[in-house]
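Note sheet for the following structure.
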Amino acid sequence: MTQNMSQCLLRMVEEEHVLADYQSDITPRWCVGCGDNAVLTAMQRLCRDENLAPEKTVCVSGIGCSSRLPHYMNAYGFHGVHGRALPVAEGVKIRRPDLNVFVTTGDGDCCSIGAAHWIHAVRYNMNLTMLLHDNQIYGLTKKQASPTTPIGTQSNTTPGGVYLEALNPLTVTLGIANVSFVAQAADWIPDLLYQILRKAFHHKGFSFIRVLQRCPEFMNHRFDEFVRDPSKMRILTHGNGLRLKPEVSRIYKNQETHDPSDMARARAIASLDDEIPVGVLYHDPEVPCYDDLRAGERPNTPALIKTVLNEEFDRVAIAAGDGPAQKVAE
Amino acid sequence: MNQANPSQPLPNSPAPVPQGDTPLRPALFARFGDLSSLRYDYPLVLVQGQGSETVLRPLSRIIDDVLRICSAPGAADEALRQQVLALEGSIRSRIEQGATGKLSDLWRESVPGLLKSAGEKQFGPMDRNLDRAREDLDLDGLLIGCNGDTPHITLSHIWKAVHDERAKVFRKTVDGFILQIADILKADYNKSDDAHKADALRGSVGSTDSGIIDFHKLSAVLGREHPEGRLPKARLRRLEWVLSILGSQRFFGPGRSSGRGLLDQAPHSHIFQSCEVALEAFRERLPEVVLLVKALSTAELEVAHKYNAELHDPIISALDESDLTAEHLRLLPPALVLLRDGKSDNADTVRAFEALASGLPIKVLVQTDDILGETTPAPSQSSFGAASARLAAMAMGLNNVFSCQVSAAHIYRVGHEIVRGMQFDGPALFSIYSGATETAPGVAPYLMAAAATESRAFPTFVYDPSGGPDWSQRFSLNCNPSVTQDWPAHSFQYEEANGNKADATLPFTFADFAITDVRNQRYCHMAGKNAAPERLIPASERIAHPDGDSAEPEPFVFAIDPENRLSKVVIDTKIVEAAENCADAWGRLQELAGINNSHVVHELARARAAWQAEHREDAPSTLERLSAPTPPADSPVAEAQPQPAAPDPAPQADVSDAPWIETLRCTTCNECTQINGVTFAYNDDMQAYIADPDGGSFRQMVEAAESCQVSIIHPGKPRNPKEPDLAQLIERAAVFD
Ligand SMILES: Cc1ncc(C[n+]2csc(CCOP(=O)(O)OP(=O)(O)O)c2C)c(N)n1
Ligand code: SF4
Ligand code: SF4
Ligand SMILES: [Mg+2]
């Protein structure tokens, strides 16, 4: 409306951010060697490179080691209730669409107690970026099996080893109606983690990233064979997906050109046993977003809410006086 | 086709045309004797509630749409089709008799009469059919006929449709700001002591409280804990000021989300009957625009949390009327000025051009009821007289004025263009001929209006400065019949005195149009019955060759009298001259539309002559040039240089024995930095690199390499040869080379 003028005025106070602008005063309390550090760094780099205003950025989490991430970001944060990060994030987003909302959660947080919210969040397809830190264990509570813990793993809750086949968060997400963005990253390939996060951020809709995350404390050596043998990592590249830097390409030679709009192939890749796929498995920018569908023609001002409510009440209320209801009564 | 019947013998000697009571009609009017039996663009529905997408729709098209949906092709639904068409006819005659109202109402009101005249009962088959059709009626609005009120009613309707859309966008933005600023103020209030008092807390729980909560205790607890950091006073004042300005702006009325009673004063009106008043209103409202611009800019910065008082205060407070840009003026809703030539104050009508030249978003309708003007030099009733037909062309000369000329008969066809003119950022002129000419008594305004377009007396055209950079994108003449011809031609059948049927193709010229006007009838007379054919020449031929001997032969047009008897009417020089003028103006418009462009015609003739001359002298050379020169096969062809292959970035380890890290692959896991925070440090991307190779021991280097889970630390060779256990450390380091 007064765009040119406002843009001039905004330019006067434009700030270039550095990574430190997104680091909070609290030093991360994660164990040395924990993969969560890499995720935090990737997120801070993204904020810097996209020049996101810290006061317009929100990180919402549940409970767990991974869920401590909001404390370490210099942005708004909500360290919530176990398993309930998504509903909180959805509430923030629908009321304040101008904010950049990130969700961090763990495999326990998302796939056990929060599983219902996860399914519905995918179906709602609101414009959020979600990172599932999957260390395949409850870390914060010191080693209990989670739904993604591999079969046979001994833990404090499964001293005889896990009995059940692990749940695959990728195939589950790909099976939910309205799914629009599914990717997998590994914390030990930080450059791809960053690129995937960036793709996810630019996707308008719900972006789901499963990050395979090392927990040297309770799942030590779990991913060693993959960390040490790059040929076991299958990197998904595509003109619309990842493009590898030469340094990365030289090490990770096992590459597949995968079109992210190909759902059938995405599902096949998600089900790979012996290799870990890294990249964008599925992307459909056309899926409608719940926040857009429900945005409404007018801003939801208190006056509008009052007007609409009164109109509704008038329709059903029995009026004292000469309203329509009175006429019916006569 | 209707027939004209020249059954009366043509009079012997030139007789003056009887004036007034038995007016002449151009022969081609014969087929439009009874408009009510025709399905044309009127009655017209001023469509409501469909935004600017559909603003106008003729009744006949609406009925066709309905029939397409509700009736199946074939005999089964034939009865329904006939009944609905009869209903359309009934609505049409009601409108012609002066009825007004919404389509849905007139539909309802027409049904009983139809049922009665068809001898059908209520709820009988015909009633049910009509009801079925009505359910497929998906638009509604005021129905109007074609008369002297049509132009201003239609233009006001279109203006309002565009205004409502503009208002919606405006309110969405402004109400959005109001909401966000109110949120900021509310968040601040929630930090206050007041917000933590027992009563406030009770209020926030609502009426379901059944005494289980002790709000005094809660208040005591929350009072101790409540957050710090209230908004600075200056910011509070600024936000409240913005709210007050946005809440009291008068350019657009409040919407549902703005709440009622927000405005102390009624919103501004934007429809005027005078350019002077409209311009005055603009001037008076400028200070309000300035305030609104300040408030909007402040709001935009405030909700983005970017308002910096030190930098922005001086700029915002210094803004005044002289700083307003076109962008700001766009906040003002365009004004609509309704002028009627001959009825509005003449001086003010002439000021229309001052308003248009101002560049302000003023939309001016000049409605003209008379485009022929007075035939005597007596002072004219109207401001522009015969020049009315040139108003829109004059406005084009101002360059940034959207100009549209159209007769009432064709308004529907340029509906989208009128919408564009209303949406256009700058001024617009709509010059509309209503057809309600008093000096053509007995001719339906629609017919007059249509004839004005046909005869080129009032061609339809649109000039849209926002259409593109050149004439071809800005100017359109396409809505006129036979646009590439001088006059449109129509085939015509008639009966000769001996009863034989005959065919003719008649051009419809300005002269045909002019004879409808009683003021012109003294400039024509009936051709003598025995007038020798070679002494008469069709008017169109005379107009095309104005330089001929004007005395002989005499130009004529075919006319009919009220009984549809055909005669040749000889026209005077006065009409011929006016027609020549009209043809000339039409030719200029055609040129603007790229038809018979004189520059092109001349250039083509010149080029052709030059080519012919050259062709005769030097045929081979022309041929040579025509055959495209093909370069010899071995001639050098510019080609992209092969790109040098990108050098494969080789590991730096080969370069020296210094320790190094594959930084791009670092996971920020803190292992190495924990071992030695001097040797190992993070770069701007929070990825580790060797900050100081001599910052620690070779042992630490090797231990870090071993702890690094992604094995990206390469210890290199020891820096200090005196370090203990070197041999063993070198061996451990070897795996990382
Ligand atoms: C309602 C509730 N139930 C149980 C807990 C205990 N609890 C805390 S964290 C956690 C699991 C966290 O696992 P995960 O989400 O994988 O996070 P990680 O620590 O592995 O990053 C559980 C069960 C809790 N805090 N709240
Ligand atoms: S316990 Fe595991 S997941 Fe938690 S901080 Fe330590 S390494 Fe990371
Ligand atoms: S140990 Fe390796 S991965 Fe960890 S911070 Fe150091 S270089 Fe990076
Ligand atoms: Mg976990």
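So which of B:Gly435, B:Gly415, B:Gly421 is out of contact with any Gly (no Cβ under 7 Å at 6 or more places or on another chain), open to solvent by less than 10 Å² (accessible area, probe 1.4 Å) and within 26 Å of B:Phe282 (Cα to Cα)? So the residue among B:Gly435, B:Gly415, B:Gly421 that is out of contact with any Gly (no Cβ under 7 Å at 6 or more places or on another chain), open to solvent by less than 10 Å² (accessible area, probe 1.4 Å) and within 26 Å of B:Phe282 (Cα to Cα) is B:Gly421. Within segment A:44-73, the residues that satisfy the criterion of being touching a Cys at 6+ places or on another chain (Cβ under 8 Å) and closer than 26 Å to A:Gly108 by Cβ are A:Thr57, A:Gly62, A:Cys65, A:Leu69, A:Pro70, A:Met73. Every listed requirement among (1) among the hydroxyl-bearing types (Ser, Thr, Tyr); (2) open to solvent by 20 Å² or more (accessible area, probe 1.4 Å); (3) farther than 28 Å from B:Val303 by Cα is met by B:Thr154 save one, (2).
Would you be able to say whether some residue in segment A:43-56 is within 16 Å of ligand 3 (Cβ to nearest atom), closer than 27 Å to A:Leu19 by Cα, at pLDDT 95 or above and open to solvent by less than 10 Å² (accessible area, probe 1.4 Å)?
Yes - at least one qualifying residue is present in segment A:43-56.
Among B:Val462, B:Val414, which is the only one that is of a type in the set (A, V, I, L, M) and in a strand (DSSP E or B)? From the options B:Val462, B:Val414, the qualifying one is B:Val462.
Would it be correct to say that A:Ala121 is assigned to a helix (DSSP H, G or I), surrounded by 24 or more Cβ atoms within 10 Å (Cβ to Cβ) and within 16 Å of ligand 1 (Cβ to nearest atom)? The answer is yes for A:Ala121. Within this structure, B:Ala681 passes the test of being open to solvent by less than 80 Å² (accessible area, probe 1.4 Å) and either in a strand (DSSP E or B) or not assigned by TED's automatic domain parsing to the domain that holds B:Ile661 (or both).
If only residues of segment A:83-112 that are open to solvent by 10 Å² or more (accessible area, probe 1.4 Å) and charged (D, E, K, R) are counted, the one that is nearest to ligand 1 (Cβ to nearest atom) is A:Arg84. Could you check, for segment A:206-224, whether at least one of its residues is assigned to a helix (DSSP H, G or I), within 13 Å of chain B (Cβ to nearest Cβ) and either of a type in the set (Val, Ile, Thr) or open to solvent by 10 Å² or more (accessible area, probe 1.4 Å) (or both)? Yes - at least one qualifying residue is present in segment A:206-224.
Among the residues of segment A:119-147, those that are hydroxyl-bearing (Ser, Thr, Tyr) and either over 30 Å from A:Thr57 (Cα atoms) or within 13 Å of ligand 2 (Cβ to nearest atom) (or both) comprise A:Tyr138, A:Thr141, A:Ser146. Within segment B:341-362, the residues that satisfy the criterion of being charged (D, E, K, R) and open to solvent by less than 30 Å² (accessible area, probe 1.4 Å) are B:Asp341, B:Asp348.
Looking across segment B:543-571 at every residue that is open to solvent by 20 Å² or more (accessible area, probe 1.4 Å), touching an Asp or Glu at 6+ places or on another chain (Cβ under 9 Å) and not in a loop (DSSP other than H, G, I, E, B), the one that is modelled with the highest pLDDT is identified as B:Phe558. For segment B:159-181, a residue qualifies if it is within 14 Å of chain A (Cβ to nearest Cβ) and open to solvent by 40 Å² or more (accessible area, probe 1.4 Å), and the qualifying residues are B:Asp164, B:Glu165, B:Arg166, B:Lys168, B:Val169, B:Arg171, B:Lys172, B:Thr173, B:Gln180.
Please go through (1) open to solvent by 10 Å² or more (accessible area, probe 1.4 Å); (2) within 16 Å of ligand 2 (Cβ to nearest atom); (3) in contact with a helix residue (DSSP H, G or I) (Cβ under 7 Å, 6 or more places away or on another chain) for A:His71 and return the number of the only condition it doesn't satisfy. Tallying (1) open to solvent by 10 Å² or more (accessible area, probe 1.4 Å); (2) within 16 Å of ligand 2 (Cβ to nearest atom); (3) in contact with a helix residue (DSSP H, G or I) (Cβ under 7 Å, 6 or more places away or on another chain), A:His71 fails exactly one: (3).
Counting just the residues of segment A:43-69 that are more than 15 Å from ligand 4 (Cβ to nearest atom) and under 13 Å from the mean Cα position of the chain (by Cα), which one comes out farthest from the other protein chains (Cβ to nearest Cβ)? In this case the residue turns out to be A:Val60.
Considering only segment B:27-71, how many residues are aliphatic (A, V, I, L, M) and open to solvent by 50 Å² or more (accessible area, probe 1.4 Å)? Counting residues in segment B:27-71 that are aliphatic (A, V, I, L, M) and open to solvent by 50 Å² or more (accessible area, probe 1.4 Å) gives 2.
Name the residue that is farthest from ligand 2 (Cβ to nearest atom), counting only residues in segment A:253-270 that are surrounded by 19 or more Cβ atoms within 10 Å (Cβ to Cβ) and under 30 Å from A:Cys65 (Cα atoms). For segment A:253-270, the residue satisfying everything is A:Ala266.
I need the full set of residues from segment A:282-308 which are in a helix (DSSP H, G or I) and either more than 8 Å from chain B (Cβ to nearest Cβ) or under 25 Å from the mean Cα position of the chain (by Cα) (or both), in order please. Once the filter is applied, which keeps residues that are in a helix (DSSP H, G or I) and either more than 8 Å from chain B (Cβ to nearest Cβ) or under 25 Å from the mean Cα position of the chain (by Cα) (or both), segment A:282-308 yields A:Tyr290, A:Asp291, A:Asp292, A:Leu293, A:Ile305. Under 8 Å between Cβ atoms, which residue pairs at least 6 apart in sequence (or on different chains) link something in segment B:120-144 that is touching a residue at least 24 places away in the same chain (Cβ under 8 Å) with a partner that is among the acidic types (Asp, Glu) and not in a helix (DSSP H, G or I)? Every condition considered, the pairs that remain are B:Met126/B:Glu120.
Checking the condition at pLDDT 90 or above, open to solvent by 10 Å² or more (accessible area, probe 1.4 Å) and part of a strand (DSSP E or B), which residue from B:Leu338, B:Leu365 passes?
Being at pLDDT 90 or above, open to solvent by 10 Å² or more (accessible area, probe 1.4 Å) and part of a strand (DSSP E or B) holds for just one of B:Leu338, B:Leu365, which is B:Leu338.
Of all residues in segment A:121-141, none that is within 14 Å of another protein chain (Cβ to nearest Cβ) has its Cβ atom under 9 Å from the Cβ atom of a residue that is near ligand 1 (Cβ under 8 Å from one of its atoms) and at pLDDT below 95, 6 or more apart or on another chain. Taking residues in segment A:18-40 that are touching a residue at least 40 places away in the same chain (Cβ under 8 Å) and facing chain B (nearest Cβ under 7 Å), and partners anywhere that are of a type in the set (Phe, Trp, Tyr) and open to solvent by 50 Å² or more (accessible area, probe 1.4 Å), not one pair has Cβ atoms closer than 8 Å while being at least 6 places apart or on different chains. Can you find a residue that is within 11 Å of chain B (Cβ to nearest Cβ) and out of contact with any Cys (no Cβ under 8 Å at 6 or more places or on another chain) anywhere in segment A:97-106? Checked against the condition, which is being within 11 Å of chain B (Cβ to nearest Cβ) and out of contact with any Cys (no Cβ under 8 Å at 6 or more places or on another chain), segment A:97-106 yields at least one hit. All of A:Cys111, A:Cys31 fail the test of being within 16 Å of ligand 2 (Cβ to nearest atom), out of contact with any helix residue (DSSP H, G or I) (no Cβ under 8 Å at 6 or more places or on another chain) and among the hydrophobic types (A, V, I, L, M, F, W, C), apart from A:Cys31. Taking the stated definitions as given, is A:Ile196 modelled with pLDDT of 95 or more and assigned to a loop (DSSP other than H, G, I, E, B)? So A:Ile196 fails the test. Within the set A:Leu132, A:Leu140, the sole residue that is open to solvent by less than 10 Å² (accessible area, probe 1.4 Å), more than 16 Å from ligand 3 (Cβ to nearest atom) and not charged (D, E, K, R) turns out to be A:Leu132.
Picking from A:Asp21, A:Asp36, which residue would you name as being of a type in the set (D, E, K, R), buried (at least 21 other Cβ atoms within 10 Å of the Cβ) and at pLDDT 95 or above?
A:Asp36
Exactly one residue out of B:Gly211, B:Gly247, B:Gly259, B:Gly223 is at pLDDT below 80 and under 33 Å from the mean Cα position of the chain (by Cα), and it is B:Gly259.
The values are calculated or read from the model by the stated rules, or taken from the named source; none is laboratory data. Keep in mind it's a predicted model, so treat the numbers as computed, not measured. In this analysis, Cβ positions are derived from the backbone assuming ideal geometry, glycine residues included, and neighbour counts consider all displayed protein chains. Accessible surface is based on the protein model in full, side chains and every heavy atom, while ligands, DNA and RNA are left aside. Shrake-Rupley method; radii C 1.70, N 1.55, O 1.52, S 1.80 Å.
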